[in-house]
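Before any comments, here is the structure.
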Number of protein chains: 2
Amino acid sequence: MADVAEKAGVSRALVSIIFRDLPGAGRETRERVLRVADEIGYRPDNAARLLARGRSRTLGVMFTVHQTFHTDLIAGIYPEAERLGYDVLLSGTTPGRGEAKAVEALLGHRCEGLILLAPDAEPGYLDQLGHRAATVSVARRAPGAQVDLVHSAEGKGVRQAMDHLVELGHRRIVHIDGGRGPGSAERRRAYRAAMRRHGLADHVRVIPGAHTEESGIEAGRLLLAERDRGLPLPTAVLAGNDRCALGLLMPLTRAGVEVPRDMSVVGYDDSHLSHLMPIGLTTVRQDAVLMAEHAVRFAVDRLENPELAPREAVLDPKLVVRGTSGPAPQEPA
Amino acid sequence: MADVAEKAGVSRALVSIIFRDLPGAGRETRERVLRVADEIGYRPDNAARLLARGRSRTLGVMFTVHQTFHTDLIAGIYPEAERLGYDVLLSGTTPGRGEAKAVEALLGHRCEGLILLAPDAEPGYLDQLGHRAATVSVARRAPGAQVDLVHSAEGKGVRQAMDHLVELGHRRIVHIDGGRGPGSAERRRAYRAAMRRHGLADHVRVIPGAHTEESGIEAGRLLLAERDRGLPLPTAVLAGNDRCALGLLMPLTRAGVEVPRDMSVVGYDDSHLSHLMPIGLTTVRQDAVLMAEHAVRFAVDRLENPELAPREAVLDPKLVVRGTSGPAPQEPA
DNA sequence: GCGCTCTACTAGCGCGCTCTAGTGCGAGTA
DNA sequence: TACTCGCACTAGAGCGCGCTAGTAGAGCGC
């Protein structure tokens, strides 16, 4: 920077002004300085900039590398952050790299805001983070913690899905849950409530699962094994999320169970996977872009006003009926 | 830091030494300083640290948010980088966020090394990057550019797959290519060569595609439409990658084409998708972990010795036979 | 002529740390 | 005793910027 200043015959301060695009430099000088900088190959150094300015205007996003819905969210985070003048840094969790590590990496690179996609951490830890940076938890509640929350109204989504299935005549509706995955508890609860409400309390059945394809495959195998022992298949399955639904479809289709003729399957998320099947997956859409925008705005708002009380955005999910749900098959008399 | 120094009754320099875990501080003092720091809630500031040290020991990884194989690579990059004492920062490309932006974000955060997963940029641009940071391109050639290269021997992989199929009796083997995707050109070429080598030049057929599920679905529809017009289905398909293979399977299965009885399908990548199907996808494994490790080491080596000539790691892919490939169906006489 | 404002520009401190070149001191050696 | 050595520790100069307070000079009204 000093070199540029000297070569352009101005002070360092003016170079700084020009590179920050502030008023206070003549048209001509501005051009000359920029030209010289380009010649020298000068680029402002971010670390020094941060240090001097005290602010980084950077948001850190923690996500799970293999979670498709997260990538949808990320795609929504970038443009909104850019619009508000913030940088975005990503840090992933993998089977061998826990959340704490991922978060420390972000904090270590001076992220002022933290957007945690479906964190698995306990509220106490989140609260701690909330005091170190403007923290937003997506899809995971953190009661009492100093963090903002963005999630969808799981109850509403499940209710819509269940109403849809019941309307189609289904009675033996099974739920593969998402284990300790975010939103799973709520979805499970809403499933049970819906079954009761529709007078199907006797048919309530929750198969423990997770938000992975594997869990769907396993559940499918379980159901098929039961069928082979003479038990009836459920006529409909409400999966914990799309990945689980997709996994479930694999063994079913393989075994000749036709969807939706023999069984209806409903997913959750409307991740980009849902479009993949030629007939399309009936699913509950969580608007990833909208969630992402809320998360970014929460973080930014809090950065501009740290005193803000924790806020919560509850987005309405919406049932998207595609090809994997249809009328219940005739019950054998 | 000054506060800690004062409260512990030592100089700032000593605090610095202690926090960097260097020799030169007494056992007792060390403990006292750490205790005081903990009380005050002091954490070393990374920006200042970078600034003062002149090095960041940070690698930036550019990846495509929706590309499953990239997430496999990332999972391999983290541990290797940590082992070598480097931090990792991720920046994703999305449909609305080009590679240049993603890379600038990384550079802006002082990444000294750049690992580009399947960059789509021209060699000229890569060369430019190569001069700004230790750059490694994964899966994409960049002739003449100052970057290291990690890729797999596409030819060998395709040859193995083709040999496997031909051995199973297949003759009408179609290739859905990966468009301008990384490695596609090589795979296409190797497919053609293999067909010729097996005396199947007349059956060569490349369906233009991409490394996405959508392209697989489209190709599947195309083939089915042809069948409906009376043309024979190919007995085997070599897909551009796993995602494409998976997409292809959807319409086929739906249409009653049983895999592998009626048609064999071979993917490429062995991304974690491949295990998803109950019968498993026959695919060509590119060892993601190994590729990741090479990439990290290349970057680190170059950082420690910037004069290094561009290097290239060519990894041998390996055919993994799972359930989607089987003997060719009897040709109608 | 004076005071005023406005634009274009500069001096120099400070951000929080690292690092080089020391100082002081007790133990070991000749 | 005089010396070297090694250890624990310190002083202080940067790292590359941003920012506040300021100056010089031009233009303007009275």
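The values are calculated or read from the model by the stated rules, or taken from the named source; none is laboratory data. Nothing here was measured: the structure is a model prediction, and the numbers come from that model. We place every Cβ from the backbone using ideal geometry, glycine too, and count neighbours over all the protein chains shown.
Observations
- Across the stretch A:39-56, the qualifying residues are those that are more than 10 Å from DNA strand C (Cβ to nearest atom) and in a loop (DSSP other than H, G, I, E, B), and the one among them that is farthest from A:Leu107 (Cα to Cα) is A:Gly41.
- Residue in the stretch A:198-205 that is surrounded by 15 or more Cβ atoms within 10 Å (Cβ to Cβ) and in a helix (DSSP H, G or I) present: yes
- Note on the stretch B:27-75: residues that are surrounded by fewer than 17 Cβ atoms within 10 Å (Cβ to Cβ) and β-branched (Val, Ile, Thr) amount to 2.
- Within the stretch B:230-263, the set of residues being at positive phi and modelled with pLDDT under 90 comprises B:Gly256 only.
- Subset of the stretch A:246-266 that is among the small types (Gly, Ala, Ser) and more than 13 Å from A:Gly323 (Cα to Cα) - its residue that is surrounded by the most Cβ atoms within 10 Å (Cβ to Cβ): A:Gly247
- Taking first residues from the stretch B:2-28 that are more than 16 Å from B:Glu39 (Cα to Cα) and partners that are assigned to a loop (DSSP other than H, G, I, E, B) and within 8 Å of DNA strand C (Cβ to nearest atom), the Cβ contacts under 7 Å between residues at least 6 apart in sequence or on separate chains come to B:Arg12/B:Met1; B:Ile17/B:Gly24.
- Sole exception among (1) part of a loop (DSSP other than H, G, I, E, B); (2) in contact (Cβ under 8 Å) with a residue 12 or more places away in the chain; (3) more than 14 Å from chain B (Cβ to nearest Cβ) for A:Gly230, by number: (2)
- Looking only at the stretch B:88-101, and only at residues there that are surrounded by fewer than 20 Cβ atoms within 10 Å (Cβ to Cβ) and not in a helix (DSSP H, G or I), the one that is farthest from the other protein chains (Cβ to nearest Cβ): B:Gly98
- The stretch A:39-79 - residue that is more than 10 Å from chain B (Cβ to nearest Cβ) and touching a residue at least 60 places away in the same chain (Cβ under 8 Å) and, of those, farthest from A:His151 (Cα to Cα): A:Leu59
- Condition met for A:Val150 (buried (at least 24 other Cβ atoms within 10 Å of the Cβ) and of a type outside the set (Asp, Glu)): yes
- Checklist (1) within 16 Å of DNA strand C (Cβ to nearest atom); (2) under 22 Å from A:Gln128 (Cβ atoms) applied to A:Leu89, failing item: (1)
- Condition met for A:Leu248 (closer than 30 Å to B:Leu252 by Cβ, outside any loop (DSSP other than H, G, I, E, B), among the hydrophobic types (A, V, I, L, M, F, W, C) and more than 28 Å from the chain's Cα centre (by Cα)): no
- Checking A:Leu84, A:Leu107 one by one, the residue that is hydrophobic (A, V, I, L, M, F, W, C), surrounded by fewer than 24 Cβ atoms within 10 Å (Cβ to Cβ), out of contact with any helix residue (DSSP H, G or I) (no Cβ under 6 Å at 6 or more places or on another chain) and farther than 28 Å from A:Glu186 by Cα is A:Leu107 and no other.
- Against the numbered list (1) more than 9 Å from every other protein chain (Cβ to nearest Cβ); (2) near DNA strand D (Cβ under 7 Å from one of its atoms); (3) in a helix (DSSP H, G or I), B:Val36 comes up short only at (2).
- Exactly one residue out of B:Glu186, B:Glu167, B:Glu104 is more than 19 Å from B:Pro234 (Cβ to Cβ), acidic (Asp, Glu) and either touching a residue at least 12 places away in the same chain (Cβ under 8 Å) or more than 14 Å from chain A (Cβ to nearest Cβ) (or both): that is B:Glu186.
- Search result, residues across the stretch B:1-36 that are touching a Ser or Thr at 6+ places or on another chain (Cβ under 8 Å) and more than 8 Å from DNA strand C (Cβ to nearest atom): B:Ala5, B:Ala8, B:Val10, B:Leu14, B:Ile18
- Matching residues, the stretch B:243-273, being closer than 19 Å to B:Arg205 by Cα and either more than 10 Å from every other protein chain (Cβ to nearest Cβ) or touching a His at 6+ places or on another chain (Cβ under 8 Å) (or both): B:Cys244, B:Ala245, B:Leu248, B:Asp262, B:Met263, B:Ser264, B:Val265, B:Val266, B:Gly267, B:Tyr268
- Looking across the stretch A:3-33, the residues that are away from DNA strand D (no atom under 11 Å from the Cβ) and part of a helix (DSSP H, G or I) come down to A:Glu6, A:Lys7, A:Ala8, A:Arg27, A:Glu28, A:Thr29, A:Arg30, A:Glu31, A:Arg32, A:Val33.
- Only residues that are in a loop (DSSP other than H, G, I, E, B) and within 14 Å of another protein chain (Cβ to nearest Cβ) were counted in the stretch A:274-296, giving 6.
- Selection of the stretch B:137-164 for residues being hydrophobic (A, V, I, L, M, F, W, C) and without any contact (Cβ under 8 Å) to a residue 40 or more places away in the chain yields only B:Ala142.
- B:Ala299 part of a helix (DSSP H, G or I) and assigned by TED's automatic domain parsing to the domain that holds B:Thr212: no
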